[in-house]
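Asker: One structure is given below, represented as C-alpha cells, and several questions about it will come after.
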Number of protein chains: 2
Amino acid sequence: MTDDGGTRVAVVQTVPEFGQVAENRAETVDAIRAQADADLVVLPELATSGYVFESRSAVVDVAERNDGPTADAWTSVAAETETWIVGGFPEVDGERLYNSALVVSPDGVEGVYRKIHLWHDEKRWFEPGDDVPVFETPFGRLGVQICNDLWFPELTGTQARAGVDIVAVPTNWVPEPPERPASWTMGIHQAIANANANRVFVACADRAGTERGVRFEGQSVVVDQDGLPVAGPLPDRGSHSVAVDCDLHLAREKSLTDRDHVLEDRRPAVYDRD
Amino acid sequence: MTDDGGTRVAVVQTVPEFGQVAENRAETVDAIRAQADADLVVLPELATSGYVFESRSAVVDVAERNDGPTADAWTSVAAETETWIVGGFPEVDGERLYNSALVVSPDGVEGVYRKIHLWHDEKRWFEPGDDVPVFETPFGRLGVQICNDLWFPELTGTQARAGVDIVAVPTNWVPEPPERPASWTMGIHQAIANANANRVFVACADRAGTERGVRFEGQSVVVDQDGLPVAGPLPDRGSHSVAVDCDLHLAREKSLTDRDHVLEDRRPAVYDRD
C-alpha cells in the first residue's frame, strides 16, 4: 500500500536470453528489487526461458514445477520486498507442459494461472489451461491473463463478473500483422477496450528484444478502470520498468451513471454463446 | 463496387439541429449524394432528430415509422445513387419507440436494427431491441450496431459468427468520462478491438456539435479487419464525410496463421455466460 492507501503497480519489461534460465531469473529478481515499493510486480510471459521454441524437448529442458527454483527465487524476493509477483514461466506438471504465470505473495506461492488461449506453436508443446482463478490479496482481487488471452474479451468479462479488480498480463507481443508498424500494437487496444468495457485495471508486462528473427515489441502499459493508460507504454525495445499508484477501489464501481452499469447492462439472451 | 472489385464505404458525420427533422433529413440526403460513388453510406445515430430528449413526448413528436418520410427520402436517394444506407432515426411502432437504424438498399427498405444496449436517458423512452439481423448485400454481409452496443463485445462476436463482414455503427459518442479529453474517445478503441478480435470491418459514423450542453465528439472512423483505421478519424467538430475502398473479402479469412483462427480458438466452456 502507498501512503494514501493506493496500490502501487509495477510492470517490468525484460529482454530474456533464450534458454538462459539462471540469468533471466536473476534479471527478474533484480528488477523486482528495483521496484521494491510496489505492491504488485508483473513480469513478462515466459520470462525465465524466452519464447521461440523449436521443439517440445527444448521446452522440457527449461520447464519448472510450480515449486521449483523460480518459485523459490520469487518467493524469497517477494518476502524481502513485501511484494506480490505475477510472472511467466514454462511449467511442467507430470507429463504436461503449460504456459503459466506464477502468482507469489510475501507468504509464498499462491497459485498458477495457465494460459487459456494458446498461440500458434505453443499449441505444439503446451496444454491449454481451463481455470480462471481469482486471487484475494490485501489490495484487491487479482486475475491473470497471458498475451493472446486479451483477444478473447469474454475472459475479461468472466473475470470482472467474478469480482476481479486488476488483471495482470504477462505477455510476449509480436507485431501483428507483421507488415504493420509496431506502434499499432493491438495488445494495447485490447487492454484498453477490456479495461474500459468492464471497469477493471489491466497491467501488461511485455518483453522486448529479437529472438530467432522474432521481434517482441515492448510497450508495457498499465491501464486504469476507465481504459486510460496511466503508466507507459514503455519503449518498444530494451529493459525498462515503471510503477504507478492505482486506486483499485475504483474497479468496484461498475455504475457509469445512475442508469448504466457495465455488468448488468449485458444482454446475455441476445448473444450467441457457442 | 469500385473498379477493382472493392467496396466503397463512406461515413458521414453531421451536426443535426435538435427537432428540425426536415432540415436534418435534407442534410443527410445531400451528404449521401456527395458520396454517390459509395456502395455503403453510414449516417449517425438519431441523425434525423438530434439526441438530447427531455421527455418521451418529445421523442414521439419526431419519431417515424420505418416506412415514413425518412424511409422514403433515403429509399429515393439510395435508388438514385445505387447506394446502401444505414442511418439512425427514432422509430415508432405502435405504442413503442426504438432507437433504430434503417437499412435501405437501391431496392427499398431492407429492415431495421433496434439498439440492443440503450444508454442512460434512452432507457426512459426507448424499448431495447432483441434481434441481431444480418443483411445480405451485393458486397457482403452487413451487421449494425448503435453506439453503446460497441461496449458489449459479445455482440460483435455474435455477428462475426453469423458471418457478418462489416458492422455499420451509427453513433453519438460523448466524452466518457466527461473530464477526460475527447481525443481519448473510447468508441474508437472499442471499434478497433472488436474489429481486430473478430476480423470484421467496423464503420462508425458519429455526429458532432453541442446540444443542450452535451458535446458530441465526431471522429468518425472506418476500421479494417486487422483493426487498423483506414479512413478517419474525422475532426472532432463539424460536418464531414470520408470514403475508403475496402476489400471485404478479407473479413472471410478468420485464420491468422495455419494454427490460429479467431472464431474457433474461443473457449466457450471456460467463460461464465450470464
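The values are calculated or read from the model by the stated rules, or taken from the named source; none is laboratory data. Because the structure is a prediction, the values reported are computed rather than measured. All Cβ positions, glycine included, derive from the backbone under ideal geometry; neighbour counts span all protein chains shown.
Asker: Are any residues in segment A:40-52 of a type outside the set (S, T, Y) and surrounded by 24 or more Cβ atoms within 10 Å (Cβ to Cβ), and if so, which ones? Write out each step before concluding.
Answerer: Initially, segment A:40-52 is screened for residues of a type outside the set (S, T, Y), giving A:40-47, A:50, A:52.
Residues satisfying the conditions are A:L40, A:V41, A:V42, A:L43, A:P44, A:E45, A:L46, A:A47, A:G50.
Asker: Which one of B:R266, B:R259, B:R252 is within 13 Å of chain A (Cβ to nearest Cβ) and either at pLDDT below 95 or within 20 Å of B:G143 (Cβ to Cβ) (or both)?
Answerer: Working: B:R259 fails: either at pLDDT below 95 or within 20 Å of B:G143 (Cβ to Cβ) (or both); B:R252 fails: within 13 Å of chain A (Cβ to nearest Cβ).
Result: B:R266 is the single residue among B:R266, B:R259, B:R252 that is within 13 Å of chain A (Cβ to nearest Cβ) and either at pLDDT below 95 or within 20 Å of B:G143 (Cβ to Cβ) (or both).
Asker: Report, by residue number, each residue of segment B:199-229 that is farther than 18 Å from B:A10 by Cβ and of a type in the set (K, R).
Answerer: Of everything in segment B:199-229, those that are farther than 18 Å from B:A10 by Cβ and of a type in the set (K, R) turn out to be B:R199, B:R212, B:R215.
Asker: Something else now. Consider segment B:105-125. How many of its residues are of a type in the set (K, R) and either at the interface with chain A (Cβ under 7 Å from one of its Cβ atoms) or over 19 Å from the mean Cα position of the chain (by Cα) (or both)?
Answerer: Of the residues in segment B:105-125, 2 are of a type in the set (K, R) and either at the interface with chain A (Cβ under 7 Å from one of its Cβ atoms) or over 19 Å from the mean Cα position of the chain (by Cα) (or both).
Asker: In segment B:85-98, what residues are touching a helix residue (DSSP H, G or I) at 6+ places or on another chain (Cβ under 7 Å) and either at pLDDT below 95 or buried (at least 24 other Cβ atoms within 10 Å of the Cβ) (or both)?
Answerer: Within segment B:85-98, B:I85, B:G87, B:F89, B:P90 meet the criteria.
Asker: Follow-up question, since we're still on this one. A:T210 is checked against (1) away from chain B (no Cβ under 14 Å); (2) among the polar types (S, T, N, Q); (3) not in a strand (DSSP E or B) and fails just one. What number does that condition carry?
Answerer: Tallying (1) away from chain B (no Cβ under 14 Å); (2) among the polar types (S, T, N, Q); (3) not in a strand (DSSP E or B), A:T210 fails exactly one: (3).
Asker: Being touching a Gly at 6+ places or on another chain (Cβ under 8 Å) and not charged (D, E, K, R) narrows it down to one residue among B:L150, B:L118, B:L97; which is it?
Answerer: None of the other options fit; the residue is B:L150.
Asker: Give me a count of the residues in segment B:58-72 that are assigned to a helix (DSSP H, G or I) and among the polar types (S, T, N, Q). Write out each step before concluding.
Answerer: The first filter runs over segment B:58-72 and keeps only residues assigned to a helix (DSSP H, G or I), leaving B:58-62, B:69-72.
Okay, now just the ones that are also among the polar types (S, T, N, Q), so B:70.
Qualifying residue count for the region: 1.
Asker: Exactly one of these conditions fails for A:V223: (1) within 14 Å of chain B (Cβ to nearest Cβ); (2) more than 20 Å from the chain's Cα centre (by Cα). Give me its number.
Answerer: Result: A:V223 fails condition (2) only.
Asker: Which condition does B:W173 not pass, out of (1) of a type in the set (A, V, I, L, M, F, W, C); (2) crowded, with 23+ Cβ neighbours inside 10 Å; (3) farther than 27 Å from A:E154 by Cα, if it passes all the others?
Answerer: Evaluating B:W173 over (1) of a type in the set (A, V, I, L, M, F, W, C); (2) crowded, with 23+ Cβ neighbours inside 10 Å; (3) farther than 27 Å from A:E154 by Cα leaves (3) as the failure.
Asker: So A:I188 passes all but one of these: (1) in contact (Cβ under 8 Å) with a residue 40 or more places away in the chain; (2) within 14 Å of another protein chain (Cβ to nearest Cβ); (3) touching a Lys or Arg at 6+ places or on another chain (Cβ under 8 Å); (4) not small (G, A, S). Which condition number does it fail?
Answerer: Here A:I188 clears every test but (3).
Asker: Do we find a residue being surrounded by fewer than 23 Cβ atoms within 10 Å (Cβ to Cβ), out of contact with any helix residue (DSSP H, G or I) (no Cβ under 6 Å at 6 or more places or on another chain) and closer than 18 Å to A:A31 by Cβ anywhere in segment A:203-212? Don't jump to the end; show me each part of the working.
Answerer: Looking only at segment A:203-212, we keep the residues that are surrounded by fewer than 23 Cβ atoms within 10 Å (Cβ to Cβ), and these are A:209-212.
Narrowing further to those that are out of contact with any helix residue (DSSP H, G or I) (no Cβ under 6 Å at 6 or more places or on another chain): A:209-212.
Imposing the further condition that a residue be closer than 18 Å to A:A31 by Cβ reduces the set to A:209.
Yes, there is a match, as at least one residue in segment A:203-212 is surrounded by fewer than 23 Cβ atoms within 10 Å (Cβ to Cβ), out of contact with any helix residue (DSSP H, G or I) (no Cβ under 6 Å at 6 or more places or on another chain) and closer than 18 Å to A:A31 by Cβ.
Asker: A further question follows. B:E136: in a helix (DSSP H, G or I), over 25 Å from B:V15 (Cβ atoms) and without any contact (Cβ under 8 Å) to a residue 24 or more places away in the chain, yes or no? Show your work before the answer.
Answerer: Details: in a helix (DSSP H, G or I): no; over 25 Å from B:V15 (Cβ atoms): yes; without any contact (Cβ under 8 Å) to a residue 24 or more places away in the chain: yes.
For B:E136, the condition - in a helix (DSSP H, G or I), over 25 Å from B:V15 (Cβ atoms) and without any contact (Cβ under 8 Å) to a residue 24 or more places away in the chain - is not met.
Asker: I'm trying to understand the selection: among the residues of segment B:22-57, which are under 16 Å from B:L97 (Cα atoms) and either without any contact (Cβ under 8 Å) to a residue 60 or more places away in the chain or outside any helix (DSSP H, G or I) (or both)? Lay out the reasoning, then the answer.
Answerer: The initial filter retains those residues of segment B:22-57 that are under 16 Å from B:L97 (Cα atoms), namely B:45-57.
Selection gives B:E45, B:L46, B:A47, B:T48, B:S49, B:G50, B:Y51, B:V52, B:F53, B:E54, B:S55, B:S57.
Asker: Can you tell me which of (1) of a type outside the set (G, A, S); (2) in contact (Cβ under 8 Å) with a residue 24 or more places away in the chain; (3) over 23 Å from A:R266 (Cα atoms) is the one A:Q145 doesn't meet?
Answerer: (3)
Asker: I need a count of the residues in segment A:228-259 that are crowded, with 19+ Cβ neighbours inside 10 Å and either closer than 30 Å to B:D121 by Cβ or of a type in the set (K, R) (or both).
Answerer: Residues flagged as crowded, with 19+ Cβ neighbours inside 10 Å and either closer than 30 Å to B:D121 by Cβ or of a type in the set (K, R) (or both) within segment A:228-259 amount to 1.
Asker: Within segment B:237-248, can one find any residue that is more than 10 Å from every other protein chain (Cβ to nearest Cβ), closer than 23 Å to B:R8 by Cβ and assigned to a helix (DSSP H, G or I)?
Answerer: Taking segment B:237-248 and keeping what is more than 10 Å from every other protein chain (Cβ to nearest Cβ), we get B:237-248.
Filter once more, so that each one left must be closer than 23 Å to B:R8 by Cβ: B:238-248.
Keeping just the survivors that are assigned to a helix (DSSP H, G or I) gives B:248.
Yes, some residue in segment B:237-248 is more than 10 Å from every other protein chain (Cβ to nearest Cβ), closer than 23 Å to B:R8 by Cβ and assigned to a helix (DSSP H, G or I).
Asker: Still on this structure: With the requirement that a residue be within 12 Å of another protein chain (Cβ to nearest Cβ) and part of a loop (DSSP other than H, G, I, E, B), what does segment A:146-176 give you?
Answerer: Passing the criteria: A:F152, A:A162, A:G163, A:V164, A:V174, A:P175, A:E176.
Asker: Any chance segment A:195-202 includes a residue that's under 24 Å from B:E154 (Cβ atoms), in contact (Cβ under 8 Å) with a residue 60 or more places away in the chain and away from chain B (no Cβ under 12 Å)?
Answerer: Taking segment A:195-202 first, the residues under 24 Å from B:E154 (Cβ atoms) are A:195-202.
Still in the list and also in contact (Cβ under 8 Å) with a residue 60 or more places away in the chain: A:197-199, A:201.
Adding the requirement that they be away from chain B (no Cβ under 12 Å) leaves A:201.
Yes, that holds for at least one residue.
Asker: If you go through segment B:101-120 one residue at a time, do you hit one that is of a type outside the set (A, V, I, L, M), touching a residue at least 60 places away in the same chain (Cβ under 8 Å), closer than 29 Å to A:S255 by Cα and not in a loop (DSSP other than H, G, I, E, B)?
Answerer: Looking through segment B:101-120, none of the residues is of a type outside the set (A, V, I, L, M), touching a residue at least 60 places away in the same chain (Cβ under 8 Å), closer than 29 Å to A:S255 by Cα and not in a loop (DSSP other than H, G, I, E, B).
Asker: So is A:A231 more than 10 Å from chain B (Cβ to nearest Cβ), touching a residue at least 40 places away in the same chain (Cβ under 8 Å) and among the small types (G, A, S) or not?
Answerer: Working: more than 10 Å from chain B (Cβ to nearest Cβ): yes; touching a residue at least 40 places away in the same chain (Cβ under 8 Å): yes; among the small types (G, A, S): yes.
Here the answer is yes, as A:A231 does meet what is asked.
Asker: For segment B:234-274, how many residues meet the condition of being in contact with a helix residue (DSSP H, G or I) (Cβ under 6 Å, 6 or more places away or on another chain) and without any contact (Cβ under 8 Å) to a residue 40 or more places away in the chain?
Answerer: Number satisfying all stated conditions: 3.
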